[in-house]
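**Q** Let me begin by handing over the structure; questions about it come next.
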Amino acid sequence: MSELRFEDVTVRFGHRRHALTAVDRVDLTVPDGSVVGLVGESGSGKSTLARTAVGLNRVSGGRVLLDGRPLRPVRGGERRPLQLVFQDPYSSLDPRMTVGSTVAEAVPRGVRGVSRRGEVARLLELVDLPADLVDRYPAELSGGQRQRVALARALAGRPEVLIADEITSALDVSIQGTVLNLVSDLHRRLNLSMLFISHNLAVVRYVSDYIAVMYLGRIVEFGATDELLADPQHPYTRELLAAAPQPGAAALGPEEEDAAPRAVSDAEPADPHRPPTGCRFHPRCPVGPLVLADREVCRTDEPAAALHRHGAACHFAAPAARPQPVA
Amino acid sequence: MTTATADSRRIAGIAQNAWLRFALRRLGRLLISLWVLVTAAFLMIHLIPGDPVRAALGSTAPLDLVNARRKMLGLDDPLWQQYLHYLHNLFAGDLGTSITSGLPVSQLVGDRLPATLELAGLAFLLAVLVCVPLGLTMGVLTRGGRRRPAELAFTSTSIVLAAVPDFLVGVALVYLFGVQLAWAPVAGRGGAGSYILPVVSLALGPAVVLARIVRVETLAVLQADYLRTARAKRLPDRLIYLRHALPNALTATITLGGLLLGGLVAGTVLVENVFAWPGLGSTIVQSILAKDYPVVQGVVLVYGVGVLLINLLVDVALALLDPRSTIRES
Amino acid sequence: MAAAPRGSAWRAVLRTPLGATAGALLLAVLVLAVAAPLLWSGRAGALDTAHILQGPSAAHWVGTDNLGRDIFYRVLVATRLSVELALGATAIGVVTGLLLGTAPVLFGARVGRLVGAAVNIAVAFPGLLLALFFAVIFGVGRTGALLAIGLAVAPGFARLTQTLTARVSGLDFVAAARIAGVGRPRLLVRHVLPNIGEPLVVNATIAAGNSLLAFAGLSFLGLGVQAPDYDWGRLLGEGLNSIYIHPTAALAPGVAVIVAGLAFNLLGESIAKAIGPGAGRPAGRPPRAAAAPGTATVADDATLLAVESLRVSFPGPVTPVRGVSFTMRHGEGVGIVGESGSGKSLTALALAQLVQEPGVVHAERLEFLGTDLTAGTGRAQRRLLGTSLAVVFQDPMTSFNPTMRVGRQLAEVAREHQGMGRRQSLARAVDRLRAVRVPAARRRAGQFPHEFSGGMRQRAMIGMGLMGTPALIIADEPTTALDVTVQRQVLRLLADIRAADQVALLLISHDITVVRQVCDRVLVMYAGRIVEELSTDDLQAGARHPYTRALLAAVPDMATDRDRPLAVIPGRPPDPARPAPGCAFAPRCRFADEQCTHAEPPLALDSAGRLVACWHTDRVAADPADERAGSDQRAASDERRAAAGRPAADEQEVSVGELP
């Protein structure tokens, strides 16, 4: 059983007046053996959440549980059952270490000598890289190959849960497919639980069983992929969907009649240092207080996510069929 | 109209706040550095192995004299008392008394400081006035790999000249102009002519290094994206270089210029000895050799304060030039 | 094997003339340091009281000192002490500096901060001052001076190490190693140090040179080496006293100091140059490559922009843009799509006349609004381009001058090209900011770029282009750096501007979905050429070039079948420095054959009236296989193996298993 659960997790940086709450009371569960896609834009806190799970940041509140056991902050020399693959293939591999050494370093300490080499070869084969890459340096590899080495390194530790943080964002379109296919393949073969983070909704949809939408440090909606995309409850989810690449999409005409009114159509993304009061999305919400005068509650009260379908953090989302345990 | 004024007043309030915060922060840092300097100067004497008074007066001096001097300097009191005494005296402007001459150190410093200031100040002016335009021009002329021979000549000359320390330049100049050609006076501080050689020897090394740095910075700025935007706006070259490139190149130059000026201050120690210039530099060397520690302490303090003030000036200049630094830090 | 890159780097250093000279010089100095005392200490110490303070002569080449000793040999013998002390001081400084600078990694953040603060204070004071301070404490003499100079070098080194360590520690691979369970000491030794080694070595070498000079200075003052020992500084000091009667006594050790110091510094410089950026390609003249066959562009009165056989080349020779031809009409929206290495951004820059030396732009025809842009940059052309052409760049963060207020940067255009005064141009700037829907435009105009958000900055950049009356906006990846919801706002703004003022738009992007939303026509670029030109409506079903089809299939959208593997384009884009004969896409193409690898297809109308650069458009169009589906088997590895087993061709650039 490898279920990853974030319980009321808060991560704060800085102190007092200059504090930045990157992650604010997040409840999220990655069920055993499934892929949860976490989608959000810059400032949403999704990368911070990922880094906190693997111990690169300290939790300021709440806890992270793996199979019910709390995770402790990383101490030198210990291995973690959670591994992370980073976004930038150019800075995630040590330029002075060969591919083989990089992967070997992540192999658990018990394995020695020859069996370590064998293990490295096995891992490279797992990510579909030829064995002779062992002696090459990252500078000689392409972006896609580097990401696969990073995956091999993450798998070396035999993790129970894998977190992928924007792993295809820095790759060319024609190469993204290779890495995504590999990720799906590994998920199926090794029955890994995965938290797949991306700002690209189409990619997240392709890979994930569940989708969680994050905005300004909070999870604003969560649900099974098809269901969530068919019937999004939160206005932000709807906006992300509208901006996502649809097949055969019509060209963007000049201001469409049903487009959101001027007040919110060009609203700036909120500053994480100074989040809005009440519902965090209200300054940009096309059905919020700036557009519909009677929705003042959005300005003053934070929505109770547990009461709505998909755990949507919106006062006006459909009520839950039964109280959601919130992811 | 009213919203504009309200807005501008609000901006002024915030801006004032940012500046105020910056000023307080910087002043705080200055005070801490000053305290460290003062404490280090104080401890300097006490870290020396052996008896400083005995060392200064020599092993043959009578015991009574040594004890009397020691009492005069307050060296018999416990350490913390001496420290408080020292701080107290500092605030009163009393830098102690010279062991060998018995004169107050502040008097010695007062006599000698102007000479050093003149030397350092003139050298700095010379360095800046010559090298900033030179570095800028070279940067513009050699951008994008143009005029490689010129770049090579400039770089090699600057490396060679920078490798020659200031006192060697001084010696060479003394030889050339003093001995061979007898054009300029080579010792002591007298008329305008006597300033030439010391100032040039002090300024040459830093000047050359500064010119090189300005050139490198200019090259970096010329590659920046916003220069491309300026060119896309089809502005005339003059505007592009002076209005867009120069202010950004200056930022890094000022930081390094400040360091250089600090180095100049220290360089006076050597140059003054070459040219028998009656400044603090020669004083400190003689005092170290004579083990006249109160004088050394006083001069080190003065030099240290000078360097800290220079750093403060640099930070203020940077803040004025680059708006990101102040606001970002607050 | 692991040493391979390092070793070759050192050899590269010695191969440059600078490096070779410095290396030889340093070697000579070191040899002298070791050998001279063994060979000549006798002669150096020999007293000759008959010839005191004499000038150069046959017996004594540089003369004698006040005890009749031969100065020439004294200078040579002094090499050892001078060099020893310099190296010793450097060693002390470097080791101390390294320990202090890596404190945050070794001992944790709190200790690191403390140490950092102390180093910051120490670094404020010039080295000589610190040296004098320590010289007082440690006493006058050789050991004292050694410790003094060593400790004076340490803070600078510590600060450098600190900065470098902080930078490297923030990189992902260090975080990855931590997650993998690597302990702190190993982290430092295995990951941090090797990656900061090179700049440290450069600085250490230069520090050695500076220590040599500093030591000479201290001994010169009498604070360093004491009699009867002598180093160059001491000899200099002695020589200075008699400079009027006996100048060579001072000049000889002076020359020695300069030569040795120079040797160290030059070596440091040459290493820096070898490891730094721009360790250049061999400079070659850009070639007059045969222009790729292009279409004859038909121009009429409605033509806004006409390009024919546009070529951009760099010394190397590298030709990233190999013959681009197309036309644009007023008010049209054209998109250029391609991946990294396709040359699309350079094409845009070349069109906007923004390619600088050493890049060379050549075109058979380049006309904008009837003006020939290749005819040189006079004032008239500058005004034309400044008011009728707007350029929007990719990264809004760096494309604005950080030290100038935004309003002023916009106003510059009006002041320069439209003759407006200060107030008038600022008013226009505020008006333009409003036109691009920047809220609180007047207040924003007085702010600096870093106070704007990314989307707002991009809008301000568009506003800057609207200061004149542009007939064409060239936008190079304008939304790539932005969030997807902000992207939509910016694209909508561009669409609005197009519609309102009949402004043409040339949009460059790697994202075909972006181009689809805003443009009427799409040009697909691959390896420096246009391989297909088609209207946006035809994109979905009517693409004829294998690359276009593959690209479309490879992009996942909201309707992609989740049960099937994603389509992949095997292989990698070609290296612009090594163009192969024939079609550039052939190594990755399912339909490639002999003809494709030998002859490059021109961009021409095919049998169905489409502009495609392919020999086999009929075959491609008739291909029933849906690229999106891939193979039926679920195992992705099987699919990859199938994709790799293409029709056999002799010159396969992609070996089996070498996937992107």
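**Q** Please list the non-local residues whose amide H lies under 5 Å from the amide H of C:Val531, H modeled 1.01 Å from N, same-chain partners needing a gap of 5 or more.
**A** Residues meeting the amide H criterion: C:Val524, C:Met525, C:Tyr526.
**Q** Another one. Using θ = phi - 60° and the Karplus relation 6.51 cos²θ - 1.76 cosθ + 1.60, list the HN-Hα couplings for the stretch B:234-244 in order, rounded to whole Hz, with x at every Gly or Pro.
**A** Here the 3J(HN,Hα) series is 6, 6, x, 3, 3, 5, 4, 6, 7, 8, 9 Hz.
**Q** Could you give the size of the charge dipole of chain A about its Cα centre, using +1 on the Cβ of each K and R and -1 on the Cβ of each D and E, expressed in debye and rounded to the nearest 20?
**A** 1640 debye
**Q** To continue, here is another question. What lysines sit close enough to B:Lys71 to cross-link, taking a C-alpha to C-alpha distance under 26 Å and skipping anything fewer than 8 places away on the same chain?
**A** Correct list for B:Lys71: B:Lys291.
**Q** How big is the charge dipole of chain C about its Cα centre, in debye rounded to the nearest 20, if each Lys and Arg gets +1 on its Cβ and each Asp and Glu gets -1 on its Cβ?
**A** 2060 debye
**Q** Starting from the Cα gyration tensor of chain C, take the square roots of the eigenvalues, sort them a ≥ b ≥ c, and report rounded, prolate or oblate (rounded when a/c is under 1.5, otherwise prolate if a/b is larger than b/c, else oblate).
**A** Here chain C falls in the prolate category.
**Q** Neighbour counts of other C-beta atoms within 10 Å: give me C:Thr536, A:Thr168 arranged from fewest to most.
**A** With the sparsest Cβ surroundings first, the list reads C:Thr536, A:Thr168.
**Q** For chain C, list the DSSP H helices whose alpha carbon atoms reach 15 Å or more along the long axis and whose average Kyte-Doolittle value is 0.5 or above?
**A** C:17-45, C:71-101, C:109-123, C:127-138, C:142-169, C:193-221, C:248-275
**Q** Further, regarding this structure: Could you calculate the contour length gain from C:Thr21 to C:Ser340, that is, 0.36 nm times the residue separation minus the distance between their Cα atoms, to one decimal place in nm?
**A** Contour length minus Cα-Cα distance gives 110.7 nm.
**Q** In debye, nearest 20: dipole of the protein assembly as shown around its Cα centre with unit charges on the Cβ of K, R (+) and D, E (-)?
**A** I would put it at about 2500 debye.
**Q** Then there is this: I'd like the distance between the alpha-carbon centres of the stretch A:138-177 and the stretch B:185-253, rounded to an integer number of Å.
**A** 46 Å
**Q** With the Cα gyration tensor of the protein assembly as shown in hand, convert its eigenvalues to equivalent ellipsoid semi-axes via √(5λ) and list them largest first in whole Å.
**A** With the √(5λ) rule applied to the protein assembly as shown, the semi-axes are 63, 36, 34 Å.
**Q** Defining a contact as two alpha carbons under 8 Å apart and six or more residues distant in sequence, what relative contact order in percent does chain B show?
**A** 25 percent
**Q** If one puts a single equal scatterer on every Cα of chain A and applies the Debye formula without solvent, what log₁₀ I(q)/I(0) results at q = 0.06, 0.13, 0.14 Å⁻¹?
**A** After summing over all Cα pairs, the log10 values are -0.23, -1.00, -1.13.
**Q** Another question about this same structure. Tell me, what is the FRET efficiency for B:His88 and B:Leu321 to the nearest 0.05, using R0 = 35 angstrom and their Cβ-Cβ distance as r?
**A** 0.30
**Q** Describe numerically, in nm with one decimal, the distance between label points set 7 Å from Cα along Cα→Cβ at C:Asp372 and at B:Trp80.
**A** 9.0 nm
**Q** Based on other C-beta atoms within 10 Å, arrange C:Glu412, C:Glu532 from fewest to most.
**A** By the 10 Å Cβ count, ascending: C:Glu412, C:Glu532.
**Q** What are the chymotrypsin sites (Phe, Trp or Tyr not before Pro) within the stretch C:50-92 that DSSP puts in a loop, where the Cβ has at most 15 other Cβ atoms within 10 Å?
**A** Counting only loop positions with at most 15 other Cβ atoms within 10 Å, the chymotrypsin sites (Phe, Trp or Tyr not before Pro) in the stretch C:50-92 are C:Trp61.
**Q** In what sequence do C:Thr597, C:Thr163 fall when counting other Cβ within 10 Å, fewest first?
**A** Neighbour counts put them in this order, fewest first: C:Thr163, C:Thr597.
**Q** Mind checking the angle between helix B:105-141 and chain B's longest principal axis? C-alpha axes, 0 to 90 degrees, to the nearest 10.
**A** 20 degrees
**Q** For the stretch B:82-88, take each phi angle, set θ = phi - 60°, evaluate the Karplus expression 6.51 cos²θ - 1.76 cosθ + 1.60, and give the result in whole Hz per residue in order, putting x for glycine and proline.
**A** Values per residue, Gly and Pro as x: 4, 4, 5, 4, 4, 4, 4 Hz.
**Q** Under 5 Å between amide hydrogens, which residues at least 5 positions from A:Ile163 or on another chain qualify, with H placed 1.01 Å from N in the peptide plane?
**A** A:Gln83, A:Leu84, A:Val85, A:Leu195
**Q** Please give the net charge around C:Arg544, taking every other residue with its beta carbon less than 12 angstrom from that of C:Arg544, where Lys and Arg add +1 and Asp and Glu add -1.
**A** -3
**Q** Suppose R0 equals 30 Å; then what is the FRET efficiency for A:Tyr90 and C:Arg184 from their Cβ-Cβ distance, rounded to the nearest 0.05?
**A** After rounding to 0.05, the efficiency reads 0.75.
**Q** Using a cut-off of 13 Å between beta-carbons, work out the net charge of the residues near A:Thr225 (Lys and Arg +1, Asp and Glu -1, A:Thr225 not included).
**A** Surrounding charge for A:Thr225 is -4.
Each reported figure results from applying straightforward, stated rules to the coordinates on display, with no laboratory input. Computed from a prediction, not measured in an experiment: that's the story for all the values here. Backbone-built Cβ (ideal geometry, glycine too); neighbour counts: all protein chains shown.
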